[in-house]
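What follows is one structure encoded as structure tokens, with my remarks underneath.
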Amino acid sequence: MRICIFGAGAIGGLMAARLAAKGDAEVTVVARGPHLAAMQANGILLRSEGEEIRARPRCVGTAEEAGPQDYVVVTLKAHSLPSAAPGMQPLLGPDTAIVSAVNGVPWWYFHKLPGPFEETRVRSVDPDGQVWERLHPSRVIGCIIYPAAEVAEPGVIEHTYGDRFTLGEPDGARTPRIAALSEALIGAGFKAPIRPRIRDEIWVKLWGNLAFNPISALTGATLDVITADPGQRGVARAMMVEAQAVAERLGTRFAIDVDKRIAGAAEVGAHKTSMLQDLERGRPMEIDALLGAVVELAERVEVPVPTCRTVLALLRGRGRAAGCYEG
């Protein structure tokens, strides 16, 4: 089995290290810069739960060097995909599966989703349709990321918590390709359940991200503050209720209620969201995948989302002012 991790930062490095250490798959990492140089020289050092693993997957700088794969795990942020997709073509053979481990509403969301919007493209994350064409949804296996990790220094991954990567085919089928991927991930020490309704789980994760990430970027607050302050908590809850109405109109089922989801975020404690971290470090922010796409979907299903719209406008303005959002 040939598995390529494309965009091997923290999560991609975690997956690559565990898979390569297991030794059952031929693992290739596509990365760049000092991180790539360190991995080529010394492999990946993974620090996880008090243990250290030194793994040596094949590390390259381009898709051409990697060649065709059985699975390509995409761990880029959503806004990077339109520019990255053309360069990924050498990885794709006739039967290559693309494992979409990307936060937010994915480009393939409406592929094989029964209803009036089936095969509709999401402009917020795929403005000109090139991601759909180059990384066609027929190749996609959905993947929800739950672990937390960071690149402590080039070539070194700090794994903080979590070991689950939930998988699902867009049509809910249990195919041989998804079963084989699940088995490989489980063998590497992860939990990798296969779900027949992967979009339900996309929304449960997105539910918090679409509210807490923007509010944290606007206020500078950590999760414990957002969930404890009545004003900020109220804004987050209003956004989540609006988003739930959109998701349910599209057929999503929520296994928990909004207050339980907020309580779960509160338990994380004094955590800076990824969007706040990106803002502070001057990196591009995932505004459109986490909130812009939700507002776009609301327009399609004709559900009013006034709080989400207001926060989106403020967030885009904050991102532009900081040089972290081009739109």
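None of the figures in this text is laboratory data; all of them are computed from the coordinates on show. Just so it is clear, the structure is predicted and the values come from calculations on it, not from any experiment. In this analysis, Cβ positions are derived from the backbone assuming ideal geometry, glycine residues included, and neighbour counts consider all displayed protein chains.
Side notes on the structure shown:
- Inter-probe distance in nm under a simple model that places probes 7 Å from Cα toward Cβ, at Arg320 and Thr160: 3.1
- The stretch 256-327: GluC sites (Glu not before Pro) in DSSP coil with no more than 12 other Cβ atoms inside 10 Å: Glu302, Glu326
- The dipole here belongs to the chain: it is taken about the Cα centre, uses +1 on the Cβ of Lys and Arg and -1 on the Cβ of Asp and Glu, and is about 80 debye.
- For the chain, the percent of C-alpha pairs falling in each 10 Å distance bin, counted from 0 to the bin holding the largest distance, reads 6, 26, 36, 25, 7, 0.
- 0 to 90° range, to nearest 10: angle between helix 176-187 axis and the chain longest Cα axis: 80
- Angle between the chain longest axis and helix 230-249 axis [Cα atoms, degrees, rounded to 10]: 70
- Loop sites in the stretch 165-236: trypsin sites (Lys or Arg not before Pro), DSSP, at most 16 other Cβ within 10 Å: Arg174, Arg197
- Phe254-Lys112 pseudo-label distance in nm [points 7 Å out on the Cα-to-Cβ vector]: 2.7
- A cut-off of 5 Å between modelled amide H atoms, ignoring neighbours fewer than 5 places along the same chain, links His111 with Glu119.
- Site pair Arg123 and Asp229 shows an inter-label distance of 3.4 nm when each label is modelled 7 Å from Cα along Cα→Cβ.
- Cα-based radius of gyration for the stretch 2-196, normalised by 2.2 N^0.38 Å, reads 0.98.
- Among Trp207, Trp132, Trp107, a tally of other beta-carbon atoms within 10 Å of each Cβ gives an order, fewest to most, of Trp132, Trp207, Trp107.
- Nearest-20 debye value, the stretch 199-321 charge dipole, Cβ charges on Lys, Arg, Asp, Glu: 220
- Derived scalar couplings ³J(HN,Hα) [the stretch 204-209; Karplus, 6.51 cos²θ - 1.76 cosθ + 1.60; whole Hz; x for Gly, Pro]: 5, 6, 4, 3, x, 4
- Extension reserve of the Thr310-Ala152 stretch, reckoned as 0.36 nm per residue once the Cα distance is removed: 53.3 nm
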